[in-house]
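> Handing you a structure now.
The values are calculated or read from the model by the stated rules, or taken from the named source; none is laboratory data. These numbers were taken from a predicted model, which means no experiment stands behind them. Here the Cβ positions follow ideal geometry from the backbone for every residue, glycine too, while neighbour counts run over all protein chains shown. To get the accessible areas, we keep the full protein, side chains included, count just its heavy atoms, and leave off ligands, DNA and RNA. Shrake-Rupley method; radii C 1.70, N 1.55, O 1.52, S 1.80 Å.
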Amino acid sequence: MLLVRAAHAININNQSPMPFSIRGGLMRIAIIGTGYVGLVTGACFADLGNDVVCIDVIEDKVRAINEGKVPIYEPGLEGLLRKQLAEGRLRATTDMDAMLGAEVSFLCVGTPSRKDGSLDLKYVRSAARAVGERLALMDRRHTVVVKSTVMPGTTRDVVLPILERTSGHRSGKDFGVAMNPEFLKEGMAVHDFMHPDRIVIGAEDDDAAKVLSELYLGFDCPMLRVDTATAEMVKVASNAFLATRISFVNEVGNVCKSLGIDFRKVAEGMGLDPRVGRYFLRAGCGFGGSCFPKDLKGLIAVSKRQNIRPLLLEAVQRVNQVQPDRMLSLLEQHIDPHGKNIAVLGLAFKPDTDDVREASSHRVVLRLRKKGANVFVYDPKAMDNFRREHPDVTYCRTARECVDASDAVLLLTEWKEFEDPSLYGDKLVVDGRGVVRTKNYEGICW
Ligand code: NAD
């Protein structure tokens, strides 16, 4: 294992500059899968001066990208994309042959959960097959990098054999294989990509590691060089640990509330201990998104396959599953929601994103409806995504319209526009995120 600062990675290793680069460290890059991770990765690498082609199977997405329209909501991404398109450093296509000119390809396809919690690798396998078929046609070295989150061993035991089988070429000799997990946070994705805390390079061969080291040359952060399975575990374990912190603070926060203690003050005190640290101590109505729940489930499934009972991880999951229910219990301490109009403000799993995957809002809305409430919802960005799964609630045009229509308000996402106390008058507000303080108020853990 080698830890160096990215900006000096090559010098520290006493290695000469890469033979593969075309323009002094700049490369031709293919991004396979242009969702949250792929599009941010592509746009940022282009902004650093690389030539980027974004490849996706969805034609509408590709068309939108080429027109400078970002198919997701991510602050700063649209401006960055337009700049790269205008300067000719980025284009999108559905044609996999476009990767033939590239030196590096990044697999950024989705890895959703299966029913048993393990990750569904169908997109990874099909992308790897498509890449392998193109590797067969290439006469110069290419490096394939897995950026999707996958469980430990996937790059080495699943992706690499597919690439060898479909290309007829040998990994390490004819092409390189690496795993480079992505740590970006939705809502801050461009910033996180450009200013990472660390860069983890898992590689199956030294040349693949060198290609990635050169690509990331100039980033001023620690760079960790490990094998691919370790890189995969760094990502999964980081997410499982962050999820654990959240379930921990939620559980302790619930106890605090029952004792009349404001957990936010407790968190402040805890965070002053550098061993604890002040981040990820915000109690609330549960974590969601496309990563924490999925990666936690995936690690639980891996543990069980290894005959290790993941007692802690299972508890983290269970605490998170029931935490949104507290929103209803607290509401019911004041009113019976049956036949009442209840406003739900915030549907996205966090602010500054339109992503509603595994958001607490799903469970809260379903339970409100089951209890016979008329549900009014509003979110500045995530209503279209939420509507696909919940067409039968009332979608409001503004937060005020939503509040005015309701007998009580549940706050599920800490969007800035919900912070104004005058929005609520003397309506009952059950606050699941610590957004505001109003006259008639119930906080989830304070
Ligand atoms: P996403 O669903 O938004 O995007 C995946 C894209 O891949 C889609 O556009 C899909 O059409 C495309 N795709 C599927 N098969 C393809 C193929 N064969 N060829 C080309 N394109 C194909 O997913 P995402 O949120 O960007 O996540 C991608 C991966 O990164 C996942 O493993 C996820 O766990 C991980 N990750 C996500 C985040 C995040 O915040 N979203 C952060 C870190 C890591």
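> Would you kindly identify the strands (runs of 3 or more DSSP E) lying entirely within segment 61-153 that contain at least 3 residues that are away from the ligand (no atom under 11 Å from the Cβ)?
Fully inside segment 61-153 and qualifying: 142-146.
> Need pairs with beta-carbon distance below 6 Å; first residue free of Cβ contacts under 8 Å to residues at least 12 places away in the same chain and within segment 293-311, second among the β-branched types (Val, Ile, Thr) and more than 15 Å from the ligand (Cβ to nearest atom); sequence gap 6+ or separate chains.
Pairs found: PRO310/ILE300.
> Looking only at segment 182-218, which residues are among the acidic types (Asp, Glu) and farther than 17 Å from VAL146 by Cβ?
Residues satisfying the conditions are GLU186, ASP192, ASP197, ASP206, GLU214.
> From (1) outside any helix (DSSP H, G or I); (2) without any contact (Cβ under 8 Å) to a residue 40 or more places away in the chain; (3) open to solvent by 40 Å² or more (accessible area, probe 1.4 Å), pick out the condition that doesn't hold for VAL200.
All conditions are met except number (3).
> Going through PHE219, PHE193 one at a time, which residue ends up being under 21 Å from VAL104 (Cα atoms), open to solvent by less than 30 Å² (accessible area, probe 1.4 Å) and either hydroxyl-bearing (Ser, Thr, Tyr) or in a loop (DSSP other than H, G, I, E, B) (or both)?
Going through PHE219, PHE193 in turn, just one is under 21 Å from VAL104 (Cα atoms), open to solvent by less than 30 Å² (accessible area, probe 1.4 Å) and either hydroxyl-bearing (Ser, Thr, Tyr) or in a loop (DSSP other than H, G, I, E, B) (or both): PHE219.
> Do the conditions hold for ALA30, that is, is it buried (at least 21 other Cβ atoms within 10 Å of the Cβ), modelled with pLDDT of 95 or more and within 14 Å of the ligand (Cβ to nearest atom)?
yes
> Can you tell me how many residues within segment 365-381 are closer than 15 Å to SER329 by Cα and either modelled with pLDDT under 95 or not in a loop (DSSP other than H, G, I, E, B) (or both)?
The total comes to 6.
> Since GLY187 meets every condition but one in (1) within 12 Å of the ligand (Cβ to nearest atom); (2) on the phi < 0 side of the Ramachandran plot, which condition does it not meet?
(2)
> Can you report the number of residues in segment 397-407 which are surrounded by 21 or more Cβ atoms within 10 Å (Cβ to Cβ) and either not assigned by TED's automatic domain parsing to the domain that holds ALA382 or not β-branched (Val, Ile, Thr) (or both)?
Of the residues in segment 397-407, 3 are surrounded by 21 or more Cβ atoms within 10 Å (Cβ to Cβ) and either not assigned by TED's automatic domain parsing to the domain that holds ALA382 or not β-branched (Val, Ile, Thr) (or both).
> Within segment 231-250, track down each residue that is surrounded by fewer than 16 Cβ atoms within 10 Å (Cβ to Cβ) and not small (Gly, Ala, Ser).
Within segment 231-250, PHE241 is the sole residue that qualifies.
> Failed condition for GLN317, given (1) under 22 Å from ASP120 (Cα atoms); (2) modelled with pLDDT of 95 or more; (3) within 16 Å of the ligand (Cβ to nearest atom), with all others met?
In the conditions (1) under 22 Å from ASP120 (Cα atoms); (2) modelled with pLDDT of 95 or more; (3) within 16 Å of the ligand (Cβ to nearest atom), GLN317 misses (3) alone.
> Return the residues of segment 33-59 that are open to solvent by 40 Å² or more (accessible area, probe 1.4 Å) and either without any contact (Cβ under 8 Å) to a residue 40 or more places away in the chain or charged (D, E, K, R) (or both); say none if nothing qualifies.
The answer is ASP47, ASP51, VAL57, ILE58, GLU59.
> From ASP157, ASP206, ASP227, which residue is open to solvent by 20 Å² or more (accessible area, probe 1.4 Å), over 22 Å from the mean Cα position of the chain (by Cα), more than 13 Å from the ligand (Cβ to nearest atom) and in contact (Cβ under 8 Å) with a residue 12 or more places away in the chain?
Answer to the selection: ASP227.
> Condition (residue is within 16 Å of the ligand (Cβ to nearest atom) and surrounded by fewer than 19 Cβ atoms within 10 Å (Cβ to Cβ)) applied to segment 168-184: is it met by at least one residue?
yes
> Also, quick follow-up: Would you mind telling me which numbered condition in (1) over 28 Å from PHE292 (Cβ atoms); (2) away from the ligand (no atom under 13 Å from the Cβ); (3) among the hydrophobic types (A, V, I, L, M, F, W, C) MET194 fails?
For MET194, the failing item is (1).
> Also, quick follow-up: How many of the residues making up segment 33-60 are in a loop (DSSP other than H, G, I, E, B) and more than 9 Å from the ligand (Cβ to nearest atom)?
3
> Turning to a different aspect of this structure: Can GLU164 be described as more than 12 Å from the ligand (Cβ to nearest atom), acidic (Asp, Glu) and not in a loop (DSSP other than H, G, I, E, B)?
Yes; evaluated as a whole, the condition is true for this residue.
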